[in-house]
Amino acid sequence: KTGVEQADIDKAYLVAASSSIFPEGSEDFIDSVMYRTLWDITENAISFFGLGSHSFNVPYLNAFQDLVMNHCLSGNPGIASFLDWWETEGVKKSILLPENQDSIKVLTIHKSKGLEFKAVILPFISWNLDHKPFHTNILWVNPDIHPFNALGIVPVKYKSDLENSIFAGSYFQEKYSAYIDNLNLLYVAFTRAVNVLTGFAPSKSGNSSRIAGILKEAFSFTGSQETLSDPVLSGNFNRKDGIFEFGSIPTAESESDVSETLKTDNYPVSDNSASLKLKLHWEDYFETSVSEKRERINYGKIMHEIFGEILTSEDAGRSVRKKVLEGKIPESEEASLIGKIEKLLNDPEVGKWFEKGLEVYNETSFLMPDSQLKRPDRIIFKDGRATIIDFKFGGESNSHIRQIRQYGSILESMGYVVEKACLWYVDAGKIVSV
């Protein structure tokens, strides 16, 4: 069968399956942190899933939350930006442990350059002296022999066949440089230790082209040497066991009392959100001392904000909750306001504007030729036709009709077909079609 086959995913099955994986109350937890900061979300997630109750998680959680805090301070604190950063940079981060921590640091030889450690273990002293044969190394050479010198600079694959060619000089020069680089690497590895150096090198026949083979030849050498009075290396090399020992391991120095170090067996999470006192920004809407006109203006502003974030009828509760968390609505008014909005959206005519599957633009600005901005409350596109709705929370006015007619003219001048333009006087429950 050709083509791509699609399989429907049973949403109910996914929900049921996830309920057995996530703890009870996961949906309520997600709703409760939806509009919180990135830091608060991660802190509450640690608490909800009990991650901080295991001592082995503590260093990782501390390090992770440090990264979260630094990202929040960078001026781009959203979840999406953090996930993007994590995919490229965050996954490369590691835990920084204190010097007195009973642990081993794992470093490459290159990364250890310039550092020193009391004890060093080299687990793999086995790299090549020459370039790795399975890597494609290219030499760019300029032949100096006629007639090849007419070619200019040419690329030549680095391999032993060049020993008997006109490129032999360049080949041996590159080989010499490779030997020096890899011997320098051995020098760096052997000079990082202060007290103890332990290394492991494979002992194989025909290994003269690798560092391990060179070391074994040096340890086994028993011939005369002008600069040495006796064979220092071979005298400390046990050929039977293949072990070279020189010097003695010093007695470990006494460390500072570990009791002075602060240790935690869990990651404490403190959620003080309940103790916060929010200053409402609803311009004294709930104060009885303000004028009736001022109260009506404030009410209209906040309701416009709420409806501006509702795409479908299911978004009503989420939109009101967001305003509560922003301090624009007191929590005591949340339930009644949600109930009021849901009742409004249950109207048959209004409900059509908030159905699922519609292409909706809430408070989308139009830039006019005279640099002015026009912003209808809601535009709906369905079957290629547009419906314009403007929410009104006061009395009727002829200016409202002129305004929505202008919105319709703007859309038509842009090439859209305007099927309907409506004024919805929300509190009066009245819809005026223009």
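Below are the figures for this structure:
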{"quantity": "Tally, over segment 107-146, of residues that are at positive phi and not in a loop (DSSP other than H, G, I, E, B)", "calculated": "0"}
{"quantity": "Residues of segment 355-374 classified as surrounded by 12 or more Cβ atoms within 10 Å (Cβ to Cβ) and among the basic types (Lys, Arg), total", "calculated": "1"}
{"quantity": "Condition check for residue 337: in a helix (DSSP H, G or I), closer than 24 Å to residue 430 by Cα and aliphatic (A, V, I, L, M)", "calculated": "yes"}
{"quantity": "Failed condition for residue 430, given (1) open to solvent by 90 Å² or more (accessible area, probe 1.4 Å); (2) basic (Lys, Arg); (3) within 29 Å of residue 298 (Cβ to Cβ)", "calculated": "(1)"}
{"quantity": "Candidate set from segment 147-180 (those that are assigned to a loop (DSSP other than H, G, I, E, B) and in contact with a strand residue (DSSP E or B) (Cβ under 6 Å, 6 or more places away or on another chain)); member that is most open to solvent (accessible area, probe 1.4 Å)", "calculated": "153"}
{"quantity": "Residue within segment 349-360 that is touching a helix residue (DSSP H, G or I) at 6+ places or on another chain (Cβ under 8 Å) and closer than 19 Å to residue 301 by Cβ present", "calculated": "no"}
{"quantity": "Residue in segment 204-214 that is open to solvent by 100 Å² or more (accessible area, probe 1.4 Å) and either touching a Gly at 6+ places or on another chain (Cβ under 6 Å) or modelled with pLDDT of 75 or more (or both) present", "calculated": "no"}
{"quantity": "Residue, farthest from residue 119 (Cα to Cα), within segment 242-262, restricted to residues that are modelled with pLDDT of 70 or more, open to solvent by less than 100 Å² (accessible area, probe 1.4 Å) and assigned to a loop (DSSP other than H, G, I, E, B)", "calculated": "242"}
{"quantity": "Any hit, segment 391-410, residues being outside any loop (DSSP other than H, G, I, E, B) and acidic (Asp, Glu)", "calculated": "no"}
{"quantity": "Scan of segment 18-62 for residues that are more than 13 Å from residue 266 (Cβ to Cβ), open to solvent by less than 70 Å² (accessible area, probe 1.4 Å) and part of a loop (DSSP other than H, G, I, E, B), ordered by number", "calculated": "23, 25, 36"}
{"quantity": "Pairs where the first residue, in segment 162-176, is touching a residue at least 40 places away in the same chain (Cβ under 8 Å) and on the phi > 0 side of the Ramachandran plot and the second is in a loop (DSSP other than H, G, I, E, B) and open to solvent by less than 40 Å² (accessible area, probe 1.4 Å), C-beta under 9 Å, 6+ apart", "calculated": "none"}
{"quantity": "Hits in segment 309-322 - residues which are among the charged types (D, E, K, R) and either under 12 Å from residue 335 (Cβ atoms) or buried (at least 18 other Cβ atoms within 10 Å of the Cβ) (or both)", "calculated": "321"}
{"quantity": "Segment 375-393, residues that are open to solvent by less than 40 Å² (accessible area, probe 1.4 Å) and of a type outside the set (A, V, I, L, M, F, W, C)", "calculated": "376, 377, 378, 387, 390, 392"}
{"quantity": "Among the residues listed as 325, 344, the single one being surrounded by 15 or more Cβ atoms within 10 Å (Cβ to Cβ) and at pLDDT below 85", "calculated": "325"}
{"quantity": "Pairs with Cβ under 8 Å, 6+ apart, first in segment 79-91 and at positive phi, second open to solvent by less than 80 Å² (accessible area, probe 1.4 Å) and among the aromatic types (Phe, Trp, Tyr)", "calculated": "none"}
{"quantity": "Exclusive hit being touching a residue at least 40 places away in the same chain (Cβ under 8 Å), part of a helix (DSSP H, G or I) and more than 19 Å from residue 413 (Cα to Cα), set 327, 300, 317", "calculated": "300"}
{"quantity": "Criterion violated by residue 265 - all others in (1) open to solvent by 60 Å² or more (accessible area, probe 1.4 Å); (2) at pLDDT 85 or above satisfied", "calculated": "(2)"}
{"quantity": "Residue match in segment 166-173 (condition: more than 41 Å from the chain's Cα centre (by Cα) and of a type in the set (Ser, Thr, Tyr))", "calculated": "yes"}
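Conditions tested, residue by residue: (1) of a type outside the set (Val, Ile, Thr); (2) open to solvent by 90 Å² or more (accessible area, probe 1.4 Å); (3) at pLDDT 90 or above.
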residue	(1), (2), (3)
75	yes, no, no
92	yes, yes, no
103	yes, no, no
111	yes, yes, no
145	no, no, no
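The values are calculated or read from the model by the stated rules, or taken from the named source; none is laboratory data. Quick caveat: nothing in here was measured; it's all calculated off a predicted structure. Glycine also receives a Cβ, built like all others from the backbone with ideal geometry; neighbour counts cover every protein chain displayed. When the accessible area is computed, the model is the full protein with side chains, heavy atoms only, and any ligands, DNA or RNA have been set aside. Shrake-Rupley method; radii C 1.70, N 1.55, O 1.52, S 1.80 Å.
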